[in-house]
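The values are calculated or read from the model by the stated rules, or taken from the named source; none is laboratory data. Just so it is clear, the structure is predicted and the values come from calculations on it, not from any experiment. For neighbour counting, all protein chains shown are included, and Cβ atoms are generated from backbone atoms with ideal geometry for every residue, glycine included.
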Amino acid sequence: MPELPEVETICRDLRASNIVGKTIENVIVLWEKSITNLPANQFTRQLLTTRITTITRRGKYIHLLLDSGKSLLIHLRMTGSLTLRTINQKKDHHDRIIFQFANQELVFHDPRKFGRIILTVNPQMWLEKLGIEPLGKNFTASELYRRIHSRKTRLKTLLLDQTFIAGIGNIYADESLFLAKIHPCRGGNTLSEDEVRSLHHAIQQTLTNAISNRGTSLGNGEGNFASAGQRGLHGSQLRVYRRTDQPCFGCQTPIEKIKVSQRSTHFCPHCQT
């Protein structure tokens, strides 16, 4: 599933493509269930002749603000992607929604059909439950300590909880905990203030580096992450994720994999305590 760095990469690519300011002239709905809250005919009718004014990100959501005052919220889930191409190209059988401009179209492509699109006048209703942005100005070490010091929940579970911190998924939770040298099964309330400062720094450094590398692409399947025709380059920088039984880069101890909250979790049993 695309996480914060992948979604941020898509947002930046869309802004660089100059679709901000363009008018939606047609909408083709190929899979109605991709639309969360409206029938397809209402969804299409409310989008026609509207213009995209802003593209931002909140957690793992892509937020397209329209000049009608409404917002398109796009959650890619496991295999969703957005591709800008010349208008009326041959459709792929995994294309779900197509937004057409004068000479281009933005295609929501989703092989496994888990992605969702919301058209709403009140985006906050859908976003208000999301936790703090880990790269936002309010995400300080002291704020993280305030939120975490009374929580007995295991850290890996906390980091995956989108109501606790927005945007972190399995890859970057494992990588952040390794960089902070903290075991994923530690309870939040067991961390000292120094350990929380290390975790805060590790989260921000991990996410920032991944954005600089355009996210992580790990496989070659159609649903694997790519944006603007480019794969993410951060896979070569991963230290524990999907490195089971390979030597830790720090101490040479084999990386272990366990299940935490039903999610595969990778860590170094020597470096992370």
Only one of GLU195, GLU256 is over 19 Å from the mean Cα position of the chain (by Cα) and over 30 Å from ARG112 (Cα atoms). Can you tell me which? GLU195
Looking at ILE24, ILE35, ILE28, can you tell me which residue is under 22 Å from the mean Cα position of the chain (by Cα) and not small (Gly, Ala, Ser)? ILE35
Residues of the range 240-273 being of a type in the set (Asp, Glu) and at positive phi, in sequence order, are ASP245
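Could you tell me which of the residues ARG197, ARG214, ARG239 is among the charged types (D, E, K, R) and under 30 Å from LEU84 (Cβ atoms)?
Details: ARG197 fails: under 30 Å from LEU84 (Cβ atoms); ARG239 fails: under 30 Å from LEU84 (Cβ atoms).
Within the list ARG197, ARG214, ARG239, the selection yields ARG214.
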Look at ASN138 and say whether it is more than 17 Å from the chain's Cα centre (by Cα) and either of a type in the set (D, E, K, R) or closer than 18 Å to THR36 by Cβ (or both). no
Looking at (1) among the polar types (S, T, N, Q); (2) in contact with a Gly (Cβ under 9 Å, 6 or more places away or on another chain); (3) under 24 Å from PHE225 (Cα atoms), which is the one condition that is false for GLN100? (2)
Residues of the range 66-83 classified as at pLDDT 95 or above, surrounded by fewer than 19 Cβ atoms within 10 Å (Cβ to Cβ) and hydrophobic (A, V, I, L, M, F, W, C), total: 0
Could you list, in sequence order, all residues of the range 191-228 that are part of a helix (DSSP H, G or I), among the charged types (D, E, K, R) and touching a residue at least 40 places away in the same chain (Cβ under 8 Å)? GLU193, ARG197
Would you check if there is a residue in the range 231-252 being buried (at least 20 other Cβ atoms within 10 Å of the Cβ) and assigned to a helix (DSSP H, G or I)? yes
